[in-house]
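**Q** So that we are looking at the same thing, I have put the structure below in structure tokens.
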Amino acid sequence: MKPPDPCRPATVLERADFPRLFEVLAGRGYQVVGPTVRDGAIVYDALDGPEQLPAGWTDEQDGGTYRLKRRADAALFGYVVGPHSWKKFLFPPEQRVFRAHRTADGFEVLPEEVAAPKLAFLGVRSCELHAIAIQDRVFLGGRFVDAAYQLRRANAFLIAVNCGQAGGTCFCASMHTGPKATTGYDLALTEILENGRHAFLIEAGSATGAEVLAELPHHPATAADTTAAEAATARATAHMGRSLDTRGIKDLLYRNPDHPRWKDVADRCLSCANCTMVCPTCFCSNVEDVTDLTGEHAERWRKWDSCFTLSFSHVTGGAVRPTVKARYRQWLTHKLASWIDQFGTSGCVGCGRCITWCPVAIDLTEEVRAIRESSPA
Amino acid sequence: MDPTIESPARPQPATEPMLPDPWRVERVHAETADTFSLELTPVGGPRPLAFSPGQFNMLYVFGVGEVPISISGNPEIESPLVHTTRIVGTVTRAMGKLKAGDLLGVRGPYGSGWPVDAAKGRDVVIVAGGLGLAPLRPLIHHLLAHRADYREIALLYGTRTPQDRIFRADLRRWTARRDLQAQVTVDRAVSGWTGHVGVVTKLVAHAPFDPSNTVAFVCGPEVMMRFTLQELQRRGVPPERSHLSLERNMKCAIGFCGHCQYGSMFVCKDGPVFRYDRVRSLMKVREL
Ligand SMILES: Cc1cc2nc3c(=O)[nH]c(=O)nc-3n(C[C@H](O)[C@H](O)[C@H](O)COP(=O)(O)OP(=O)(O)OC[C@H]3O[C@@H](n4cnc5c(N)ncnc54)[C@H](O)[C@@H]3O)c2cc1C
Ligand code: SF4
Ligand code: SF4
Ligand code: FES
């Protein structure tokens with residue numbers, strides 16, 4: 001663990017002063033987006049104030065199940081990740097690429113103006129910071145740059161929250177992506193709830209973060225505060241619901257395209273694509289061309305897509321991956337193996353969403369374990 | 001690693017990567033009953049699209065959709081831009097209805113090209129099946145324009161029937177040349193056909209090249225390429241001097257949509273032209 005930086009003493013924001021965070025961000029032109037309860041789950045949406053946060057709620061997660069429960073306290077961040085991820089703000093599920101109109105001698109293509117409001121993401125978990133960093137590599141790190149993503153990303157202010165508990169399907173400790181935020185945030189909060197005291201340890205991770213912090217009422221942390229924050233992280237680390245042995249995982253999967261387990265999982269998988277829709281790193285998209293009734297105006301839309309659909313691999317003559325076996329293998333091998341070759345990092349941050357939201361409780365950590373246990377050396 | 005086989009700096013699109021640029025259809029040429037070539041010039045002044053042989057463009061038919069199509073014209077001349085397309089589905093059918101004067105959206109060029117430098121000072125064997133000749137045609141133009149840089153050049157071309165041959169005027173010119181050994185074969189002959197009969201892979205065994213000093217370029221249906229590469233290897237052309245062009249579903253051509261993945265490769269940016277030794281193990285996996 002990093003020793004506390006003596007030049008930047010740990011700082012505390014009292015719960016009573018927490019609403020000020022919204023005011024300061026609004027003053028800087030940010031719309032806050034963050035967790036809120038809707039339809040029985042904690043989702044990410046625009047928030048007008050702290051009263052919309054899921055105070056006093058927690059979640060219970062396992063393969064194929066997600067349930068909200070009341071907590072004994074009024075914690076604002078006492079849960080883990082839900083079905084949404086920040087991906088929907090940076091890489092929207094549907095975005096128009098261009099509009100085109102017929103003209104006297106053909107057609108013209110009108111470039112799209114990107115709407116990139118200044119958003120403050122409140123409550124970004126460590127695994128989610130890593131997921132954002134991974135999508136940064138996909139959309140910004142290559143030969144081509146996704147200009148719309150770049151603009152949205154530049155306009156996002158990230159407020160991390162260090163997890164004080166882990167969920168039933170979490171395994172960020174295995175993926176070295178959490179539970180404590182170490183990089184990539186503007187501000188980081190650790191919620192302290194002890195002996196009737198409710199406060200947040202708050203750290204700045206960027207110059208803008210430091211400016212926002214300077215505008216907030218804050219005071220130096222006591223030794224007890226830092227101890228409580230460290231205990232929260234230790235608690236989360238100790239209670240990961242899942243684990244994944246990543247040793248040699250790339251070669252393990254590359255070596256096993258014909259492992260019988262792929263057939264076994266394909267017999268259970270519904271090819272519903274839920275896992276890819278909830279995954280914070282999955283980046284695949286499709287395009288759709290539409291015209292109005294007159295045929296004078298056309299639009300091209302880019303929409304989230306999934307390697308689990310049959311049409312995904314369509315070429316003239318049929319799909320390259322007609323079987324669910326080939327599609328599940330593609331997904332898992334991409335996530336945990338070929339992603340490393342493509343982007344220098346795993347495509348999985350151990351958030352557990354794909355396990356929780358799979359209708360038949362397929363668990364990638366289990367699938368990898370089964371392959372590892374019976375892999376020819 | 002053979003340094004000459006690394007991909008050279010390749011031409012890049014000049015426009016916004018996701019936006020098609022309207023080009024005017026100057027001429028439509030019917031190659032076969034279902035295949036046509038379009039000659040295109042940029043709208044609003046000269047904006048030539050420099051490309052390497054083997055690269056492709058994304059072609060957008062207004063309101064219908066966008067598909068990857070290889071550039072099939074001569075890379076040595078600036079204009080026109082040529083694409084040769086077979087009608088197989090929605091977008092290509094709509095493209096086949098375009099007439100001179102109509103507009104087509106173009107963005108590109110994308111992907112890797114045939115590594116011509118790797119072939120300098122060596123024999124070259126080009127094996128094409130059906131429409132696979134389209135991405136190889138700029139390569140042939142390039143080799144002939146720089147003829148002195150290469151030793152023997154053999155072109156082996158196979159189609160199902162004589163009617164399926166594309167670029168027939170070129171084929172006539174090429175077969176007449178003495179510095180290019182061009183052989184055409186058809187799977188099924190019809191009356192009047194006096195050339196080879198049989199699959200193109202059969203021609204590899206006796207083609208005029210020295211396997212110990214040959215670079216091979218192969219494009220066609222995937223099964224045809226598998227058998228051709230097998231035959232080339234049997235004759236002694238090593239996988240690291242054999243190249244092929246792969247086809248996968250493509251929605252973006254710039255590495256964002258994920259559709260073209262092939263193992264750890266993105267066919268749109270790491271390919272479509274691959275050195276055979278880099279994909280040989282992948283080609284053994286079914287439904288990859
Ligand atoms: C690098 C490269 C170079 C190529 N060069 C050439 C060339 O020079 N000449 C040539 O003729 N062809 C070439 N092709 C092949 C050409 O791109 C296809 O023939 C073309 O995309 C077919 O489009 P279509 O709409 O006419 O056919 P379709 O088969 O109707 O549709 C093809 C596209 O529509 C989508 N689609 C089809 N069915 C569905 C469905 N059920 N659900 C969702 N989406 C669907 C697919 O995703 C696919 O991309 C090349 C391909 C690649 C990858
Ligand atoms: S693969 Fe599953 S656990 Fe890994 S990042 Fe995606 S949703 Fe989370
Ligand atoms: S693994 Fe589960 S969530 Fe993913 S496609 Fe299969 S059934 Fe759906
Ligand atoms: S075509 Fe979209 S990633 Fe290759």
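The values are calculated or read from the model by the stated rules, or taken from the named source; none is laboratory data. Nothing here was measured: the structure is a model prediction, and the numbers come from that model. Methodologically, a virtual Cβ is constructed for each residue, glycine included, from the backbone with ideal geometry; neighbour enumeration extends over all protein chains shown.
**Q** Suppose the filter is more than 16 Å from ligand 2 (Cβ to nearest atom) and either assigned to a loop (DSSP other than H, G, I, E, B) or free of Cβ contacts under 8 Å to residues at least 40 places away in the same chain (or both); does A:Ala100 pass it? So that I can check it myself, show each step before the final result.
**A** On the way: more than 16 Å from ligand 2 (Cβ to nearest atom): yes; either assigned to a loop (DSSP other than H, G, I, E, B) or free of Cβ contacts under 8 Å to residues at least 40 places away in the same chain (or both): no.
So A:Ala100 fails the test.
**Q** I'm checking my understanding of the structure. Among residues of region A:301-311 that are surrounded by 19 or more Cβ atoms within 10 Å (Cβ to Cβ) and facing chain B (nearest Cβ under 9 Å), which one is farthest from ligand 3 (Cβ to nearest atom)? Steps first, please.
**A** Of all residues in region A:301-311, those surrounded by 19 or more Cβ atoms within 10 Å (Cβ to Cβ) come to A:302, A:304-308.
Restricting the remaining residues to those that are facing chain B (nearest Cβ under 9 Å) gives A:302, A:305, A:307.
Values: A:Arg302: 21, A:Asp305: 13, A:Cys307: 9 Å.
It comes out as A:Arg302.
**Q** Name the residues in region A:258-309 that are among the β-branched types (Val, Ile, Thr) and away from ligand 2 (no atom under 16 Å from the Cβ), would you? Spell out how you get there, then give the answer.
**A** Within region A:258-309, the first condition is being among the β-branched types (Val, Ile, Thr), and the residues that meet it are A:265, A:276, A:278, A:281, A:287, A:290-291, A:294, A:309.
Passing the criteria: A:Val287, A:Val290, A:Thr291, A:Thr294, A:Thr309.
**Q** Next question. I'd like the full set of residues that are over 19 Å from A:Gly141 (Cβ atoms) and either facing chain A (nearest Cβ under 7 Å) or without any contact (Cβ under 8 Å) to a residue 24 or more places away in the chain (or both), limited to region B:268-282.
**A** To start, the set of residues in region B:268-282 that are over 19 Å from A:Gly141 (Cβ atoms) comprises B:271-282.
Result: B:Arg278, B:Ser281, B:Leu282.
**Q** Among the residues in region A:222-236, are any more than 16 Å from ligand 4 (Cβ to nearest atom), assigned by TED's automatic domain parsing to the domain that holds A:Arg137, at pLDDT below 95 and part of a loop (DSSP other than H, G, I, E, B)?
**A** Yes, region A:222-236 contains at least one residue that is more than 16 Å from ligand 4 (Cβ to nearest atom), assigned by TED's automatic domain parsing to the domain that holds A:Arg137, at pLDDT below 95 and part of a loop (DSSP other than H, G, I, E, B).
**Q** Evaluate the following for B:Val237: is it closer than 23 Å to B:Ala119 by Cα, within 12 Å of ligand 1 (Cβ to nearest atom) and not hydroxyl-bearing (Ser, Thr, Tyr)?
**A** On the way: closer than 23 Å to B:Ala119 by Cα: yes; within 12 Å of ligand 1 (Cβ to nearest atom): no; not hydroxyl-bearing (Ser, Thr, Tyr): yes.
So B:Val237 fails the test.
**Q** Mind listing just one residue for me: the one in region A:280-300 that is under 25 Å from the mean Cα position of the chain (by Cα) and either within 16 Å of ligand 1 (Cβ to nearest atom) or more than 12 Å from chain B (Cβ to nearest Cβ) (or both) and, of those, farthest from A:Val124 (Cα to Cα)?
**A** So the residue we want is A:Val287.
**Q** Looking at region A:312-320, is at least one residue polar (S, T, N, Q), within 16 Å of ligand 1 (Cβ to nearest atom) and surrounded by fewer than 15 Cβ atoms within 10 Å (Cβ to Cβ)? Even if it seems obvious, please write down each step before you answer.
**A** Of the residues in region A:312-320, the ones polar (S, T, N, Q) are A:313, A:316.
Filter once more, so that each one left must be within 16 Å of ligand 1 (Cβ to nearest atom): A:313, A:316.
Now drop any that are not surrounded by fewer than 15 Cβ atoms within 10 Å (Cβ to Cβ), which leaves A:316.
Within region A:312-320, one or more residues are polar (S, T, N, Q), within 16 Å of ligand 1 (Cβ to nearest atom) and surrounded by fewer than 15 Cβ atoms within 10 Å (Cβ to Cβ).
**Q** Something else: Among A:Gln165, A:Gln150, which is the only one that is within 14 Å of chain B (Cβ to nearest Cβ) and surrounded by fewer than 24 Cβ atoms within 10 Å (Cβ to Cβ)?
**A** When all the criteria are applied, what remains is A:Gln150.
**Q** Can you go through B:Arg173, B:Arg151, B:Arg160 and tell me which one is within 15 Å of B:Thr35 (Cα to Cα), surrounded by fewer than 16 Cβ atoms within 10 Å (Cβ to Cβ) and not hydroxyl-bearing (Ser, Thr, Tyr)? Reasoning before the result, please.
**A** Details: B:Arg173 fails: within 15 Å of B:Thr35 (Cα to Cα); B:Arg151 fails: within 15 Å of B:Thr35 (Cα to Cα).
Residue meeting the stated conditions: B:Arg160.
**Q** Shifting gears a bit: Counting just the residues of region A:64-84 that are more than 18 Å from the chain's Cα centre (by Cα) and not in a strand (DSSP E or B), which one comes out surrounded by the fewest Cβ atoms within 10 Å (Cβ to Cβ)?
**A** Ranking the candidates gives A:Ala72 first.
**Q** Out of B:Val273, B:Val279, report the one residue that is near ligand 1 (Cβ under 10 Å from one of its atoms) and not in a loop (DSSP other than H, G, I, E, B).
**A** Numbers: B:Val279 fails: near ligand 1 (Cβ under 10 Å from one of its atoms).
From the options B:Val273, B:Val279, the qualifying one is B:Val273.
**Q** Moving to a separate point now. Of the conditions (1) modelled with pLDDT under 95; (2) within 14 Å of chain B (Cβ to nearest Cβ), A:Pro117 satisfies every one except a single condition; which number is it?
**A** (2)
**Q** When the residues of region A:85-113 are narrowed to those that are more than 26 Å from A:Gly295 (Cα to Cα) and out of contact with any Lys or Arg (no Cβ under 9 Å at 6 or more places or on another chain), which ends up farthest from the other protein chains (Cβ to nearest Cβ)? Reasoning before the result, please.
**A** To start, the set of residues in region A:85-113 that are more than 26 Å from A:Gly295 (Cα to Cα) comprises A:85-92.
Okay, now just the ones that are also out of contact with any Lys or Arg (no Cβ under 9 Å at 6 or more places or on another chain), so A:86-88.
Numbers: A:Trp86: 18, A:Lys87: 14, A:Lys88: 17 Å.
Looking at the filtered set, the residue picked out is A:Trp86.
**Q** Can you name the residue in region A:237-251 that is within 16 Å of ligand 2 (Cβ to nearest atom) and outside any loop (DSSP other than H, G, I, E, B) and, of all such residues, is farthest from the other protein chains (Cβ to nearest Cβ)? First the steps, then the outcome.
**A** Restricting attention to region A:237-251, the residues satisfying the condition of being within 16 Å of ligand 2 (Cβ to nearest atom) are A:240-246, A:249-250.
With outside any loop (DSSP other than H, G, I, E, B) added as a condition, the list becomes A:249-250.
Working: A:Ile249: 14, A:Lys250: 9 Å.
Taking the candidates together, the pick is A:Ile249.
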